[in-house]
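The values are calculated or read from the model by the stated rules, or taken from the named source; none is laboratory data. Keep in mind that this is a model prediction, so the values were computed, not measured. FYI the Cβ positions are ideal-geometry reconstructions off the backbone, even for glycines, and counts take in every protein chain you see. Please note that ligands, DNA and RNA were not included when accessible areas were found on the heavy atoms of the full protein model with its side chains. Shrake-Rupley method; radii C 1.70, N 1.55, O 1.52, S 1.80 Å.
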Amino acid sequence: MTDSASVQPMRQAFAAIALLWLSGVALRLTILAVPPVIPAIHDDLHLTQTGVGILTGLPSMLFALAAVPGALLIARLGAKTALVLGLAATAIGGALRGAVFDVGWLYAMTIVTGAGVAVMQVAMPPTVRLWQPQRIGFTTAVYTNGLLIGEILPVSLMLPLVLPLVGGSWPKAFVFWSAPVAIIALLVLVFGPRETNGAAQAAARRRWWPDWRDGLIWRLGIMLGTVNAMYFSANAFLPDFLKSIARTDLISPSLTALNVGQLPASIILLAVAGRLERAAWPYVVSGLLSIAGVAAIMSGNGTLIVTGAALLGFSAAGTLILALALPPLLAPPDDVHRVTAAMFTISYSCAVIVPVISGAIWDLTGNPPLAFVPILACGGILIWLAPAITRVGRDSDV
(Lines give C-alpha, C1' and ligand atoms only; values in the text may rest on other atoms or scores of the structure.)
Protein backbone atom coordinates (compact mmCIF):
# COMPACT_ATOMS: atom_id res chain seq x y z
CA MET A 1 0.00 0.00 0.00
CA THR A 2 2.75 2.45 0.95
CA ASP A 3 4.82 1.62 -2.14
CA SER A 4 1.78 2.07 -4.37
CA ALA A 5 0.97 5.40 -2.74
CA SER A 6 4.49 6.67 -3.29
CA VAL A 7 4.72 5.45 -6.90
CA GLN A 8 1.58 7.28 -8.02
CA PRO A 9 2.87 10.83 -7.33
CA MET A 10 6.14 9.90 -9.03
CA ARG A 11 4.27 8.78 -12.13
CA GLN A 12 2.23 11.97 -12.12
CA ALA A 13 5.36 14.09 -11.79
CA PHE A 14 7.06 12.20 -14.60
CA ALA A 15 4.00 12.59 -16.82
CA ALA A 16 3.85 16.34 -16.11
CA ILE A 17 7.54 16.82 -16.89
CA ALA A 18 7.29 14.71 -20.06
CA LEU A 19 4.29 16.72 -21.28
CA LEU A 20 6.10 19.99 -20.59
CA TRP A 21 9.14 18.76 -22.54
CA LEU A 22 6.91 17.76 -25.47
CA SER A 23 5.17 21.12 -25.31
CA GLY A 24 8.57 22.79 -25.42
CA VAL A 25 9.36 20.82 -28.59
CA ALA A 26 6.06 21.99 -30.10
CA LEU A 27 6.97 25.63 -29.48
CA ARG A 28 9.41 25.61 -32.41
CA LEU A 29 8.71 22.65 -34.73
CA THR A 30 6.41 24.54 -37.11
CA ILE A 31 8.28 27.86 -36.91
CA LEU A 32 11.73 26.45 -37.69
CA ALA A 33 10.39 24.30 -40.53
CA VAL A 34 10.40 27.45 -42.66
CA PRO A 35 14.08 28.55 -42.94
CA PRO A 36 15.39 25.45 -44.77
CA VAL A 37 12.80 25.87 -47.55
CA ILE A 38 12.91 29.66 -47.86
CA PRO A 39 14.80 29.47 -51.19
CA ALA A 40 12.04 27.20 -52.57
CA ILE A 41 9.27 29.47 -51.23
CA HIS A 42 11.21 32.46 -52.59
CA ASP A 43 11.28 30.97 -56.08
CA ASP A 44 7.77 29.45 -56.12
CA LEU A 45 5.97 32.53 -54.76
CA HIS A 46 8.38 35.14 -56.20
CA LEU A 47 9.17 36.75 -52.85
CA THR A 48 11.53 39.71 -52.58
CA GLN A 49 14.07 39.77 -49.76
CA THR A 50 11.77 42.22 -47.97
CA GLY A 51 9.02 39.62 -48.38
CA VAL A 52 11.32 37.03 -46.82
CA GLY A 53 11.88 39.44 -43.93
CA ILE A 54 8.12 39.86 -43.50
CA LEU A 55 7.56 36.09 -43.56
CA THR A 56 10.23 35.70 -40.89
CA GLY A 57 9.00 38.65 -38.84
CA LEU A 58 5.33 37.62 -38.77
CA PRO A 59 5.72 34.93 -36.07
CA SER A 60 7.67 37.35 -33.89
CA MET A 61 4.98 39.99 -34.42
CA LEU A 62 2.32 37.53 -33.28
CA PHE A 63 4.48 36.45 -30.35
CA ALA A 64 4.30 40.11 -29.30
CA LEU A 65 0.68 40.96 -30.17
CA ALA A 66 -0.87 37.75 -28.82
CA ALA A 67 1.12 37.56 -25.58
CA VAL A 68 -1.21 39.78 -23.52
CA PRO A 69 -4.40 38.19 -24.95
CA GLY A 70 -2.75 34.89 -24.03
CA ALA A 71 -2.46 36.13 -20.45
CA LEU A 72 -6.18 36.97 -20.51
CA LEU A 73 -6.93 33.47 -21.82
CA ILE A 74 -4.93 31.96 -18.96
CA ALA A 75 -6.67 34.19 -16.42
CA ARG A 76 -10.11 33.12 -17.64
CA LEU A 77 -9.64 29.46 -18.62
CA GLY A 78 -6.54 28.32 -16.77
CA ALA A 79 -3.02 27.50 -17.92
CA LYS A 80 -3.69 23.94 -19.17
CA THR A 81 -6.65 24.92 -21.36
CA ALA A 82 -4.70 27.83 -22.80
CA LEU A 83 -1.77 25.54 -23.54
CA VAL A 84 -4.00 23.03 -25.37
CA LEU A 85 -5.65 25.80 -27.42
CA GLY A 86 -2.25 27.22 -28.32
CA LEU A 87 -1.03 23.80 -29.44
CA ALA A 88 -4.15 23.25 -31.54
CA ALA A 89 -3.88 26.64 -33.28
CA THR A 90 -0.19 26.03 -33.97
CA ALA A 91 -0.87 22.63 -35.54
CA ILE A 92 -3.78 23.84 -37.68
CA GLY A 93 -2.10 27.02 -38.90
CA GLY A 94 1.19 25.26 -39.51
CA ALA A 95 -0.40 22.52 -41.62
CA LEU A 96 -2.48 24.93 -43.72
CA ARG A 97 0.33 27.32 -44.70
CA GLY A 98 0.80 25.65 -48.08
CA ALA A 99 -2.84 24.68 -48.71
CA VAL A 100 -3.22 27.61 -51.15
CA PHE A 101 -0.29 28.60 -53.38
CA ASP A 102 -0.52 32.29 -52.57
CA VAL A 103 1.65 34.73 -50.60
CA GLY A 104 -1.33 36.22 -48.79
CA TRP A 105 -2.54 32.80 -47.65
CA LEU A 106 0.97 31.88 -46.50
CA TYR A 107 1.14 35.07 -44.45
CA ALA A 108 -2.37 34.50 -43.00
CA MET A 109 -1.66 30.95 -41.85
CA THR A 110 1.72 32.06 -40.50
CA ILE A 111 -0.22 34.55 -38.37
CA VAL A 112 -2.44 31.75 -37.02
CA THR A 113 0.62 29.64 -36.27
CA GLY A 114 2.41 32.52 -34.56
CA ALA A 115 -0.66 33.33 -32.44
CA GLY A 116 -0.84 29.72 -31.26
CA VAL A 117 2.83 29.67 -30.30
CA ALA A 118 2.43 33.02 -28.54
CA VAL A 119 -0.31 31.62 -26.30
CA MET A 120 1.81 28.53 -25.60
CA GLN A 121 4.83 30.62 -24.64
CA VAL A 122 2.85 32.64 -22.11
CA ALA A 123 1.17 29.48 -20.78
CA MET A 124 4.39 27.54 -20.15
CA PRO A 125 5.78 29.41 -17.07
CA PRO A 126 2.46 29.36 -15.13
CA THR A 127 1.99 25.72 -16.14
CA VAL A 128 5.44 24.96 -14.71
CA ARG A 129 4.44 26.78 -11.51
CA LEU A 130 1.15 24.87 -11.36
CA TRP A 131 2.40 21.37 -12.21
CA GLN A 132 5.85 21.41 -10.54
CA PRO A 133 5.89 24.21 -7.93
CA GLN A 134 8.83 22.70 -6.00
CA ARG A 135 11.06 22.24 -9.07
CA ILE A 136 10.60 25.41 -11.09
CA GLY A 137 14.22 25.83 -12.14
CA PHE A 138 14.68 22.22 -13.19
CA THR A 139 11.34 22.03 -15.00
CA THR A 140 12.03 25.30 -16.85
CA ALA A 141 15.35 23.83 -18.00
CA VAL A 142 13.51 20.67 -19.13
CA TYR A 143 10.96 22.43 -21.31
CA THR A 144 13.61 24.79 -22.64
CA ASN A 145 15.61 21.73 -23.66
CA GLY A 146 12.51 20.55 -25.51
CA LEU A 147 12.29 23.94 -27.20
CA LEU A 148 15.89 23.60 -28.40
CA ILE A 149 15.23 20.10 -29.72
CA GLY A 150 12.20 21.52 -31.51
CA GLU A 151 14.50 24.04 -33.19
CA ILE A 152 17.13 21.49 -34.19
CA LEU A 153 14.91 18.78 -35.68
CA PRO A 154 13.30 20.74 -38.55
CA VAL A 155 16.42 22.63 -39.65
CA SER A 156 18.60 19.51 -39.60
CA LEU A 157 16.11 17.01 -41.06
CA MET A 158 14.02 19.09 -43.48
CA LEU A 159 16.36 19.06 -46.50
CA PRO A 160 18.06 15.66 -46.19
CA LEU A 161 15.07 13.61 -44.97
CA VAL A 162 11.63 15.20 -44.82
CA LEU A 163 11.58 17.04 -48.15
CA PRO A 164 12.59 13.95 -50.16
CA LEU A 165 10.06 11.93 -48.14
CA VAL A 166 7.19 14.19 -49.25
CA GLY A 167 8.31 14.44 -52.87
CA GLY A 168 10.07 17.79 -52.57
CA SER A 169 6.86 19.64 -51.66
CA TRP A 170 7.36 22.30 -48.99
CA PRO A 171 3.56 22.55 -48.32
CA LYS A 172 3.47 18.81 -47.54
CA ALA A 173 6.58 19.22 -45.40
CA PHE A 174 4.73 21.82 -43.32
CA VAL A 175 1.94 19.27 -42.73
CA PHE A 176 4.56 16.73 -41.68
CA TRP A 177 5.95 19.00 -38.95
CA SER A 178 2.48 20.06 -37.77
CA ALA A 179 1.27 16.50 -37.15
CA PRO A 180 3.38 15.96 -33.97
CA VAL A 181 2.07 19.24 -32.54
CA ALA A 182 -1.51 18.02 -32.94
CA ILE A 183 -0.60 14.76 -31.18
CA ILE A 184 1.04 16.68 -28.32
CA ALA A 185 -2.13 18.78 -27.94
CA LEU A 186 -4.18 15.59 -27.46
CA LEU A 187 -1.67 14.19 -24.96
CA VAL A 188 -1.74 17.36 -22.85
CA LEU A 189 -5.54 17.44 -22.98
CA VAL A 190 -5.92 13.82 -21.87
CA PHE A 191 -2.97 13.29 -19.54
CA GLY A 192 -2.12 16.78 -18.24
CA PRO A 193 -2.80 17.34 -14.51
CA ARG A 194 -6.28 18.72 -13.99
CA GLU A 195 -6.94 22.05 -12.34
CA THR A 196 -9.32 21.82 -9.40
CA ASN A 197 -12.52 23.83 -9.40
CA GLY A 198 -10.93 26.10 -6.84
CA ALA A 199 -7.98 26.69 -9.12
CA ALA A 200 -10.29 27.43 -12.03
CA GLN A 201 -12.25 29.94 -9.94
CA ALA A 202 -9.03 31.56 -8.81
CA ALA A 203 -7.91 31.77 -12.42
CA ALA A 204 -11.04 33.72 -13.28
CA ARG A 205 -10.11 36.33 -10.68
CA ARG A 206 -6.49 36.73 -11.76
CA ARG A 207 -5.17 40.00 -13.03
CA TRP A 208 -3.99 39.75 -16.62
CA TRP A 209 -3.00 43.25 -17.76
CA PRO A 210 0.79 43.74 -17.29
CA ASP A 211 2.28 46.55 -15.22
CA TRP A 212 3.78 48.56 -18.07
CA ARG A 213 5.25 51.07 -15.61
CA ASP A 214 7.90 48.57 -14.49
CA GLY A 215 11.05 49.91 -16.15
CA LEU A 216 13.09 46.81 -15.42
CA ILE A 217 10.68 44.58 -17.35
CA TRP A 218 11.16 46.90 -20.32
CA ARG A 219 14.94 46.59 -20.09
CA LEU A 220 14.75 42.81 -19.72
CA GLY A 221 12.25 42.60 -22.56
CA ILE A 222 14.55 44.55 -24.86
CA MET A 223 17.51 42.37 -23.87
CA LEU A 224 15.52 39.25 -24.74
CA GLY A 225 14.37 41.05 -27.89
CA THR A 226 17.91 41.47 -29.16
CA VAL A 227 18.49 37.73 -28.78
CA ASN A 228 15.22 36.85 -30.53
CA ALA A 229 15.99 39.28 -33.34
CA MET A 230 19.46 37.86 -33.91
CA TYR A 231 18.27 34.27 -33.82
CA PHE A 232 15.23 34.57 -36.11
CA SER A 233 16.96 36.95 -38.53
CA ALA A 234 19.93 34.61 -38.88
CA ASN A 235 17.61 31.66 -39.55
CA ALA A 236 15.86 33.72 -42.22
CA PHE A 237 18.78 35.16 -44.14
CA LEU A 238 21.42 32.45 -43.90
CA PRO A 239 19.87 30.28 -46.67
CA ASP A 240 19.56 33.06 -49.25
CA PHE A 241 22.90 34.56 -48.20
CA LEU A 242 24.60 31.22 -48.82
CA LYS A 243 22.77 30.89 -52.13
CA SER A 244 24.01 34.36 -53.15
CA ILE A 245 27.65 33.32 -52.61
CA ALA A 246 27.14 29.97 -54.35
CA ARG A 247 27.45 27.92 -51.16
CA THR A 248 24.07 26.20 -51.03
CA ASP A 249 25.92 23.14 -49.76
CA LEU A 250 26.31 25.00 -46.45
CA ILE A 251 22.60 25.76 -45.89
CA SER A 252 21.81 22.62 -43.90
CA PRO A 253 25.15 22.55 -41.98
CA SER A 254 24.89 26.24 -41.06
CA LEU A 255 21.27 26.09 -39.90
CA THR A 256 22.03 22.90 -38.00
CA ALA A 257 25.06 24.57 -36.35
CA LEU A 258 22.95 27.60 -35.42
CA ASN A 259 20.43 25.40 -33.64
CA VAL A 260 22.60 22.54 -32.36
CA GLY A 261 24.98 25.18 -31.00
CA GLN A 262 22.31 25.96 -28.42
CA LEU A 263 22.50 22.56 -26.73
CA PRO A 264 25.90 23.04 -25.00
CA ALA A 265 24.56 26.25 -23.44
CA SER A 266 21.50 24.34 -22.22
CA ILE A 267 23.65 21.60 -20.66
CA ILE A 268 26.00 24.08 -18.97
CA LEU A 269 23.13 26.11 -17.53
CA LEU A 270 21.47 23.02 -16.07
CA ALA A 271 24.41 22.91 -13.68
CA VAL A 272 25.14 26.59 -13.02
CA ALA A 273 22.00 28.62 -13.82
CA GLY A 274 21.22 29.16 -10.13
CA ARG A 275 24.50 31.03 -9.65
CA LEU A 276 24.02 33.24 -12.70
CA GLU A 277 20.50 34.58 -12.15
CA ARG A 278 21.56 38.09 -11.08
CA ALA A 279 24.97 38.29 -12.79
CA ALA A 280 25.50 40.70 -15.68
CA TRP A 281 28.59 39.08 -17.14
CA PRO A 282 26.83 36.11 -18.81
CA TYR A 283 24.85 38.58 -20.91
CA VAL A 284 27.98 40.54 -21.80
CA VAL A 285 29.70 37.32 -22.86
CA SER A 286 26.61 36.36 -24.85
CA GLY A 287 26.65 39.70 -26.65
CA LEU A 288 30.35 39.41 -27.48
CA LEU A 289 29.94 35.86 -28.77
CA SER A 290 27.00 36.87 -30.93
CA ILE A 291 28.97 39.74 -32.46
CA ALA A 292 31.85 37.39 -33.22
CA GLY A 293 29.44 34.85 -34.71
CA VAL A 294 27.72 37.35 -37.01
CA ALA A 295 31.08 38.77 -38.14
CA ALA A 296 32.21 35.24 -39.00
CA ILE A 297 29.07 34.68 -41.07
CA MET A 298 29.58 37.96 -42.92
CA SER A 299 33.13 36.93 -43.84
CA GLY A 300 31.82 34.51 -46.48
CA ASN A 301 34.36 31.86 -45.53
CA GLY A 302 32.74 28.41 -45.41
CA THR A 303 34.35 27.19 -42.19
CA LEU A 304 33.86 30.52 -40.45
CA ILE A 305 30.19 30.67 -41.50
CA VAL A 306 29.37 27.35 -39.84
CA THR A 307 31.46 28.22 -36.76
CA GLY A 308 29.86 31.66 -36.52
CA ALA A 309 26.38 30.15 -36.73
CA ALA A 310 27.23 27.80 -33.85
CA LEU A 311 28.55 30.72 -31.74
CA LEU A 312 25.39 32.70 -32.42
CA GLY A 313 23.21 29.75 -31.38
CA PHE A 314 25.21 29.19 -28.19
CA SER A 315 24.93 32.83 -27.13
CA ALA A 316 21.23 33.06 -27.95
CA ALA A 317 20.38 29.94 -25.94
CA GLY A 318 22.30 31.11 -22.88
CA THR A 319 20.39 34.37 -22.64
CA LEU A 320 17.05 32.74 -23.48
CA ILE A 321 17.28 30.09 -20.75
CA LEU A 322 18.32 32.55 -18.05
CA ALA A 323 15.49 34.93 -18.99
CA LEU A 324 12.73 32.31 -19.17
CA ALA A 325 13.36 31.23 -15.58
CA LEU A 326 12.75 34.72 -14.20
CA PRO A 327 8.92 35.02 -14.26
CA PRO A 328 8.07 31.77 -12.40
CA LEU A 329 10.94 32.30 -9.97
CA LEU A 330 10.40 35.96 -9.14
CA ALA A 331 6.72 36.71 -9.68
CA PRO A 332 3.88 35.81 -7.30
CA PRO A 333 1.92 32.75 -8.53
CA ASP A 334 -1.02 34.79 -9.84
CA ASP A 335 1.27 37.21 -11.67
CA VAL A 336 3.49 34.79 -13.58
CA HIS A 337 1.30 34.88 -16.70
CA ARG A 338 1.13 38.67 -16.96
CA VAL A 339 4.83 39.22 -16.22
CA THR A 340 5.65 36.63 -18.88
CA ALA A 341 3.25 38.30 -21.31
CA ALA A 342 4.89 41.69 -20.78
CA MET A 343 8.38 40.33 -21.40
CA PHE A 344 7.32 38.48 -24.54
CA THR A 345 5.39 41.47 -25.87
CA ILE A 346 8.40 43.73 -25.52
CA SER A 347 11.00 41.24 -26.67
CA TYR A 348 9.17 40.08 -29.78
CA SER A 349 8.20 43.63 -30.69
CA CYS A 350 11.93 44.25 -30.91
CA ALA A 351 12.40 41.08 -32.95
CA VAL A 352 9.75 41.98 -35.54
CA ILE A 353 11.51 44.96 -37.05
CA VAL A 354 15.04 43.60 -37.44
CA PRO A 355 14.35 40.98 -40.16
CA VAL A 356 12.37 43.56 -42.15
CA ILE A 357 15.19 46.11 -41.86
CA SER A 358 17.75 43.47 -42.84
CA GLY A 359 15.72 42.45 -45.89
CA ALA A 360 15.18 46.07 -46.92
CA ILE A 361 18.93 46.79 -46.67
CA TRP A 362 19.65 43.80 -48.88
CA ASP A 363 17.06 44.90 -51.47
CA LEU A 364 18.24 48.53 -51.49
CA THR A 365 21.97 47.87 -51.63
CA GLY A 366 22.13 44.53 -53.43
CA ASN A 367 24.91 43.62 -50.97
CA PRO A 368 23.97 40.39 -49.09
CA PRO A 369 26.44 40.73 -46.17
CA LEU A 370 24.93 44.11 -45.22
CA ALA A 371 21.70 42.33 -44.26
CA PHE A 372 23.56 41.13 -41.17
CA VAL A 373 24.52 44.62 -39.92
CA PRO A 374 21.29 45.12 -37.89
CA ILE A 375 21.80 41.64 -36.42
CA LEU A 376 25.34 42.64 -35.47
CA ALA A 377 24.05 45.78 -33.75
CA CYS A 378 21.74 43.71 -31.54
CA GLY A 379 24.77 42.17 -29.85
CA GLY A 380 26.00 45.62 -28.87
CA ILE A 381 22.59 46.58 -27.45
CA LEU A 382 22.56 43.39 -25.34
CA ILE A 383 25.96 44.29 -23.85
CA TRP A 384 24.81 47.86 -23.15
CA LEU A 385 21.67 46.72 -21.29
CA ALA A 386 23.28 43.84 -19.39
CA PRO A 387 23.76 45.75 -16.08
CA ALA A 388 19.94 45.78 -15.66
CA ILE A 389 20.01 42.11 -14.68
CA THR A 390 21.83 42.86 -11.42
CA ARG A 391 18.73 44.64 -10.13
CA VAL A 392 16.22 41.83 -10.73
CA GLY A 393 14.14 41.37 -7.62
CA ARG A 394 15.82 44.27 -5.80
CA ASP A 395 14.48 47.52 -7.15
CA SER A 396 11.54 46.05 -9.06
CA ASP A 397 8.24 44.64 -8.01
CA VAL A 398 8.41 41.93 -10.67
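How much FRET efficiency would the formula 1/(1 + (r/R0)^6) give for THR48 and SER169, where r is the Cβ-Cβ distance and R0 is 35 Å, rounded to 0.05? That gives a FRET efficiency of 0.95.
How far is it, in nm, from the label point at TRP218 to the one at VAL190 when both lie 7 Å from their Cα along the line to the Cβ? Once both label points are built, they end up 4.8 nm from each other.
Across the accessible surface of the chain, with the other protein chains kept in place and a 1.4 Å probe, carbon and sulfur atoms take up 70 percent. Maximal additional length on extending the ALA246-ALA280 stretch stands at 8.2 nm, based on 0.36 nm per residue less the C-alpha distance. Out of ALA79, ALA182, ALA229, any idea which swings most in a Gaussian network model of the chain, alpha carbons joined below 10 Å? It is ALA182. In a shell of Cβ-Cβ distance under 11 Å around ALA108, excluding ALA108 itself, what net charge do Lys and Arg (+1) and Asp and Glu (-1) give? Counting the neighbours of ALA108, the net charge comes to 0. Relative contact order for the chain: 27 percent, from Cα pairs under 8 Å spaced at least 6 residues apart, divided by residue count. Relative to the longest principal axis of the Cα atoms of the chain, helix 49-65 runs at roughly 10 degrees. I'd like the orientation of helix 373-385 relative to the chain: the angle between its Cα long axis and the longest Cα principal axis, in ° from 0 to 90, rounded to 10. Value to nearest ten degrees: 40. Sort the range 59-111 into rounded, prolate or oblate with this rule: let a ≥ b ≥ c be the square roots of the eigenvalues of the Cα gyration tensor; rounded if a/c is under 1.5, and if a/c is not under 1.5, prolate when a/b is larger than b/c, oblate otherwise. Because a/c hits 1.5 or more and a/b fails to exceed b/c, the range 59-111 counts as oblate.
Residues in the range 283-323 average 30 Å² of solvent-accessible surface per residue, probe 1.4 Å, ligands and nucleic acids excluded.
First select every other residue whose beta carbon is under 11 angstrom from the beta carbon of ALA342; then total the charges, Lys and Arg +1, Asp and Glu -1.
-1
Taking Cα atoms only, the orientation of helix 103-131 departs from the longest principal axis of the chain by about 30 degrees.
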